[in-house]
Amino acid sequence: MRTLLTGSEVCGPEELQIDISSALCFTGHRTSRIGNYRDDERCRELTMKTAMLMLARAVDLALQQGYRTFISGLAEGTDLWCSDYVLKKKMRDPEIKLIGVMPYLRHGERLNSKWRELLERTERGADMLISTNPDPRIVFSSSGSSVQRGLYRERNYFMVDNSSAVIAFINENLSHSGTHQTVAYAERLGRKIHRISVSDVYGVLDDSDTDDGSRIIKEVLSRITEF
């Protein structure tokens, strides 16, 4: 199998062989489900950049704790943000591995050009790409067959099954989402979970001078000190 975007090789889930004790996965909402700071559209970019800083800080702390394999679901938002950051860290540390797990081969068709660019970079830089459903014809449908409805759940559960920890970016005001489902599954399996919430992002901005990027970075570093 090969991806439709870059033609990179795609493996089946049975081919993944990693040390789960040093592997973690990402889960989080798409950007459309992350509210703007103070409900102000002018703060949109600031909100997203702060979320990215907090996720990057979590990855840095995980690396300090010995995690070396990072598993991304290749979705818009949290997954591709974290994937891109891991690729940058890989340039300095060849022991770091990035595994991309797609729910089906055509998943990239749902992304706009901005996110497809990140997906393309991730596909080319990942150490391994996996599809939890190999059928090249299948697409997600919330009203389709049980297989179509369960594509993302199967992908998410596979990532948790092959990780000992999860970095989760959560909008606590959303009670039903794939992210909450994934975190609940990780809790049932006793996985370590590092949560970052939308409220955490707002808290950083409340306590920073939002016109001073260095102050925001310092606030992130002071708030996220442990993995």
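Quick notes on this structure:
- Condition met for Phe140 (aromatic (Phe, Trp, Tyr) and in contact with a Lys or Arg (Cβ under 8 Å, 6 or more places away or on another chain)): yes
- Annotation: Ser131 fulfils all but one of (1) among the small types (Gly, Ala, Ser); (2) at pLDDT 90 or above; (3) surrounded by fewer than 16 Cβ atoms within 10 Å (Cβ to Cβ); the unmet one is (3).
- Counted residues, segment 148-186 - those being closer than 23 Å to Leu98 by Cα and charged (D, E, K, R): 4
- Contacts under 7 angstrom Cβ, first residue in segment 51-63 being under 18 Å from Asp206 (Cα atoms), partner among the acidic types (Asp, Glu) and modelled with pLDDT under 95, 6 or more apart: Met54/Asp200
- Cβ pairs under 6 Å, 6+ apart, first in segment 79-98 and touching a residue at least 12 places away in the same chain (Cβ under 8 Å) and closer than 16 Å to Met128 by Cα, second in a helix (DSSP H, G or I) and of a type in the set (Val, Ile, Thr): Ser83/Thr122; Leu98/Val86
- Evaluation of Thr50 against the conditions (1) in a helix (DSSP H, G or I); (2) surrounded by fewer than 21 Cβ atoms within 10 Å (Cβ to Cβ) shows that the sole unmet condition is (2).
- Residue list for segment 168-179, restricted to those being over 13 Å from the mean Cα position of the chain (by Cα) and under 18 Å from Cys82 (Cα atoms): Asn171
- Among the candidates Val183, Val166, Val198, Val204, residue that is modelled with pLDDT of 85 or more, in contact with a Ser or Thr (Cβ under 7 Å, 6 or more places away or on another chain) and either more than 22 Å from Thr69 (Cα to Cα) or among the small types (Gly, Ala, Ser) (or both): Val204
Residues checked against (1) outside any loop (DSSP other than H, G, I, E, B); (2) under 27 Å from Glu226 (Cα atoms):
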site: Leu105; (1), (2): no, no
site: Trp115; (1), (2): yes, no
site: Arg121; (1), (2): yes, no
site: Val139; (1), (2): no, no
site: Tyr157; (1), (2): yes, yes
site: Val166; (1), (2): yes, yes
site: Val183; (1), (2): yes, yes
site: Gly190; (1), (2): no, yes
site: Ser208; (1), (2): no, yes
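The values are calculated or read from the model by the stated rules, or taken from the named source; none is laboratory data. These figures come from a predicted structure and were not determined experimentally. Virtual Cβ from ideal backbone geometry, glycine too; neighbours counted across all protein chains shown.
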